[in-house]
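Step one of this worksheet: look at the structure below.
Every number here is computed from the coordinates shown, using simple stated rules; none is lab data. Owing to the predicted nature of the structure, the values given are computational and were not obtained by experimental measurement. We place every Cβ from the backbone using ideal geometry, glycine too, and count neighbours over all the protein chains shown.
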């Protein structure tokens, strides 16, 4: 198996993932996974595709991620890893699809409109 390259997106975060066979090392922006994603929740989100497909420790992963916040980045990495695992073995799709890990979340920040304070909030109205 050679290196598999996939892209995942969430809000404004973009993750490029390179998966190859190995011992389970996960590197994010040239840092260890636990150094980049410090909370257990974010680490769980990133490793979720491996847990569902029972492939923990089988692949080395190199991730380049930029844009957005830390949670959006973690979910972008999760989508990219899910796509990569589906390319490795089509059987993984059966485990990942029902959990919603192959779905690109389309929710984005709504733009601010002119004449308003924020996207939906208006300036305070004074009758008198």
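Determine, yes or no, whether residue 80 is within 23 Å of residue 12 (Cα to Cα) and part of a helix (DSSP H, G or I).
Yes.
Working carefully through the options 62, 45, find the one that is within 21 Å of residue 20 (Cα to Cα) and in contact with a helix residue (DSSP H, G or I) (Cβ under 6 Å, 6 or more places away or on another chain).
45
Mind telling me which of the residues 87, 99, 110 ends up being out of contact with any helix residue (DSSP H, G or I) (no Cβ under 9 Å at 6 or more places or on another chain), surrounded by fewer than 16 Cβ atoms within 10 Å (Cβ to Cβ) and either part of a helix (DSSP H, G or I) or in contact (Cβ under 8 Å) with a residue 12 or more places away in the chain (or both)?
Criteria check complete, one pass: 87.
Determine which member of the set 42, 33 is free of Cβ contacts under 8 Å to residues at least 24 places away in the same chain and within 15 Å of the chain's Cα centre (by Cα).
That would be 33, the only listed residue that is free of Cβ contacts under 8 Å to residues at least 24 places away in the same chain and within 15 Å of the chain's Cα centre (by Cα).
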